[in-house]
Amino acid sequence: MNTVTRKIIEIDEDLCNGCGECITGCPEGAIQLVDGKARLVSEFYCDGLGACVGECPTGAIRVIEREAAPYDERSVIQNIARQGPAAVQQHLDHLKDHGETDLLAQAHRFLGEMDWRKMDRREMDSPTDALACGCPGSQSRSFESTKSGASCPSAQAEAATTPSALTHWPVQLHLLNPLAPHYQGSDFLLAADCVAYALGDFHSKHLKNRTLGIACPKLDQGQEIYSEKLRALVERAKINTLTVMIMQVPCCQGLLKMAVEAVRGSSRKVPIKALVVGVEGEILKEEWV
């Protein structure tokens, strides 16, 4: 394989805490979580401009100059196009902001050749298109089709008593990509980890027709990243509403506070509904905040 001397990122494994925030900051797909650590899995996807550096809360990423495979804009565009219009626009803005006019021209040319806006959404979201060396658990995917009759009848019959309303993956707030297509214009539900276990009708009554993110305000680390992702959902994904479901225990109030502050700090506002769930599985409080 031919190599050139160029700028490329380097990840310090000892400093990396596996939060996955750099993955959101790299729509090009150069970084994936592998064995709980961020890894540079594709040199030709890394443009060396360092957008992911500012996303890392531990300072584990830096830009260096070394021998590496040449950056390949065509491969990058083909990968990003599967993530939907928002991810494509983020990449184009990224190139423009860094004055990469040649790469920007290449990107527009390749997009024109692909006629990417007419690609079938199911093809774009297919998990089989993920990098083979990436972490399958963090690959954004939608599966609305399986909720509307596309799955086999026998499987539907077996699941009929306990149908799932989940339409996408991943759902953990550290791992989800706010620019994934399924969040665009959706009604977003932010739920404390314990809510779904305490509430028997969580799927049928509360998750149905909503996208989902889950978090624990007491045990999760790197929660400043959560605020950034919530702002991205409001400002970039343009979610319609934000529903926050927490448990009645005091520590859960931190999740609601975080969501309210994130929306208040955003350039765009959305209505917020708060629900408090009792440990015995009842809704204790429901209000717009």
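The residue pairs whose first member lies in region 199-217 and is outside the structural domain of residue 239 (by TED's automatic domain parsing), whose second member is part of a strand (DSSP E or B) and surrounded by fewer than 18 Cβ atoms within 10 Å (Cβ to Cβ), and whose beta carbons are closer than 7 Å, counting only pairs six or more residues apart or on different chains, do not exist in this structure. With the structure loaded, tell me whether residue 183 is at pLDDT below 95, surrounded by fewer than 23 Cβ atoms within 10 Å (Cβ to Cβ) and either touching a Gly at 6+ places or on another chain (Cβ under 6 Å) or within 20 Å of residue 268 (Cβ to Cβ) (or both) or whether it fails that test. For residue 183, the condition - at pLDDT below 95, surrounded by fewer than 23 Cβ atoms within 10 Å (Cβ to Cβ) and either touching a Gly at 6+ places or on another chain (Cβ under 6 Å) or within 20 Å of residue 268 (Cβ to Cβ) (or both) - is not met.
Reported count of residues in region 235-254, each being modelled with pLDDT of 95 or more and either outside any loop (DSSP other than H, G, I, E, B) or buried (at least 20 other Cβ atoms within 10 Å of the Cβ) (or both), is 8. Residue count for region 255-289 satisfying the condition of being part of a strand (DSSP E or B) and among the β-branched types (Val, Ile, Thr): 4.
Checking each residue in region 56-73 for being assigned to a strand (DSSP E or B), crowded, with 16+ Cβ neighbours inside 10 Å and within 23 Å of the chain's Cα centre (by Cα) picks out only 61. Condition first: touching a strand residue (DSSP E or B) at 6+ places or on another chain (Cβ under 9 Å) and not assigned by TED's automatic domain parsing to the domain that holds residue 174. Can you find one or more residues in region 71-79 that meet it? Within region 71-79, one or more residues are touching a strand residue (DSSP E or B) at 6+ places or on another chain (Cβ under 9 Å) and not assigned by TED's automatic domain parsing to the domain that holds residue 174. Just one of the numbered conditions (1) modelled with pLDDT of 95 or more; (2) touching a Cys at 6+ places or on another chain (Cβ under 9 Å); (3) farther than 19 Å from residue 165 by Cα is not true of residue 192: (3). Residue-level check: of (1) part of a loop (DSSP other than H, G, I, E, B); (2) in contact (Cβ under 8 Å) with a residue 60 or more places away in the chain; (3) surrounded by fewer than 19 Cβ atoms within 10 Å (Cβ to Cβ), residue 175 misses just (3). When residues of region 17-40 are filtered for being in a loop (DSSP other than H, G, I, E, B), at pLDDT 85 or above and surrounded by fewer than 20 Cβ atoms within 10 Å (Cβ to Cβ), how many remain? Here the count works out to 2.
The values are calculated or read from the model by the stated rules, or taken from the named source; none is laboratory data. What you see is a predicted model, and the numbers here were worked out from it, not measured in a lab. Cβ: placed from backbone, ideal geometry, glycine included. Neighbour counts: every protein chain shown.
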